[in-house]
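Accompanying notes for the structure given below.
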Amino acid sequence: MKKILITGGTGYIGSHTALNLLQRGYDVLIIDSNINSSQKVISNINFILKKLDLDLIGNLIFNKGDIRDYFFIENIFKNCIENNSPINAVIHFAGLKSVAESKIKPLNYWDVNVAGTINLLKIMEKYNCKNLIFSSSACVYGEKNKPPFKESLMPRPVNPYAKSKLCVETILEDFIKSNKNNWRIINLRYFNPIGSHHSGLLGEDPLNIPNNIFPLILNAYINKEKLFIFGNDWPTKDGTCIRDYIHVEDVVEGHIKALESNLKFGFYSFNLGTGQGTSVLELIKTFEKVNNIKIKYKFSKRRDGDTAILIADNSLAKKKLNWYPQKDLCQMCKDGFNWITKNPNGYN
Ligand code: NAD
Ligand code: UD1
C-alpha cells in the first residue's frame, strides 16, 4: 500500500485530500503545526470513514510539528523506513496564505513558505522520496497578465505571498534541472477554491480573520453581518471583480490525478480552475438563491492589489492529467452552506 505524507493536512484543502486518499486505500501521514487549523479535523475524518463503514483507523497518522523543524521531519521519514513502510510521495500544502498578512510580515512568509519547503526537499532527497506535489497559486500570474491564464505565461507576482510561491516554483524547477533523475515534481496553481466536503463535516475554518470572499459570505450569513464588496466600478459586466471559483473536492481530484498520472520524471505546472468566470455579485446571488437566504452587502472601495478578472485556462490539466472539474457554482454554494449551518463555530 502506498504511503503519502501530507504537510498542512489539517488545513482546508489538505483535510479534504487526506480523506479522499484514505478512501482510495492509501496510508496517510499528516504533518501540521495547527497554526491555521484544528486537530479536530482528524476525528472528523475518522468519523466520516466510520460512517462509510470503512475500517481504516490506523491508516491515518497525525504528527503535530513545523515543516521548518529538520529533526522532526527527518524522524518521520526515518521511522517509516525502519518500519518497512517508506513514504512514497509528499503533497505539500503547509504554508501561510494571507496576502494582507504577507505584506505586514514578509519574513514569516519567506521563512515558512520558502525555507520550510527547502527543509522538506533536503529530507526527501536524503531518504530517497522523489515524488512531490506542490500547492502554488494563481496569484503568481499577477495583475498585468491577460486572462485566461496559460501556464506558459511569464509570472508577475505582486505581493510577498505570491512572490514566495513563485520562489518555491523556481527552486523546484532548478532542483529538477540539477540532474535529479527519477524525481517528479508537479506544481499545481489553484484559482479560487471554495465549498466544502459534501458531508458537512469538513470545511474551511481559518483561525485568523478571513479575507477571502467565501468564508466572508458564510460569516456574513451566520453572524448576520454586512459583507463589503470591493468595488462596483471594475470593467466587468456588473462592475464587480470576476474570479474562477472551483469546488475544493475538484481541487482534491486534481491532486489525485497528479499523483496517479503516468507523467514521466521532471517538473510540471498545471492550473486548477474551472475556466469559468463569476462576478462577486453573481456569487452572492447564487449563494442566496440555492440556499434560499439573504446576505446583507454594501459596496465599498476597491481593495489594494485586486484585479478585475482572473480565469484559468485549464486545458493543460485536462489534456495531461485527464482532470475535469465536475461541480458547478450551485454545488459549491450548497456545500459551503451545509458546512457553516452544521458548524457555525467551525471545528470548535
Ligand atoms: P490552510 O491555511 O487551511 O492550510 C495550510 C495548513 O498549513 C494549515 O493547517 C496550517 O496550520 C499549516 N501550516 C502553516 N504553516 C506551517 C508550518 N510552518 N509547519 C506545519 N504546518 C504549517 O490553507 P489552504 O487553503 O488549505 O491552502 C493550502 C495550500 O494551498 C497553501 O500552501 C496555500 O498557499 C495554497 N493555496 C490556497 C488557496 C486557497 O484559496 N485556499 C489558493 C491558492 C493556493
Ligand atoms: C486572493 C489573493 C490571492 C490569493 C487568493 C487565494 C489578493 C489581492 N489576492 O485572491 O493572491 O491567491 O486570495 O488565497 O488578496 N472580495 C470582496 N469583499 C471581501 C473579500 C473579497 O468583494 O470582503 C472580492 C475581491 O475583491 C475579489 C473576490 O472577492 O474580487 C475574491 O477575493 P478573494 O477571495 O480574496 O480571492 P482573490 O482576490 O482572487
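Throughout, read-outs are computed from the coordinates displayed, never taken from laboratory work. Computed from a prediction, not measured in an experiment: that's the story for all the values here. Glycine also receives a Cβ, built like all others from the backbone with ideal geometry; neighbour counts cover every protein chain displayed.
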Got a sec? Charge dipole of the chain, +1 on Cβ for Lys and Arg, -1 for Asp and Glu; which of Ile256, Ile48, Phe214 is way out at the positive end?
Phe214
Positive-end residue, segment 3-342 charge dipole about Cα centroid, Cβ charges, pick of Phe93, Ile30, Asn314:
Asn314
Too long for a 20 Å Cα-Cα cut-off, among Lys126/Lys177; Lys177/Lys264; Lys40/Lys163, are Lys40/Lys163
Taking a straight Cα-to-Cα line shorter than 25 Å from Lys289, and setting aside same-chain lysines fewer than 8 residues away, one finds Lys224, Lys226, Lys237, Lys298, Lys327, Lys334, Lys342
What aspartates and glutamates sit close enough to Lys296 to cross-link, taking a C-alpha to C-alpha distance under 16 Å and skipping anything fewer than 8 places away on the same chain?
Glu225, Glu282, Glu288
With only helices counted (DSSP H, runs n ≥ 4, each -39500 (n - 2.57)), the per-residue ellipticity at 222 nm for the chain, to the nearest 500, works out to -11500 deg cm²/dmol
Förster radius 25 Å - calculated FRET efficiency between Gln331 and Ala308 (Cβ-Cβ, nearest 0.05)
0.45
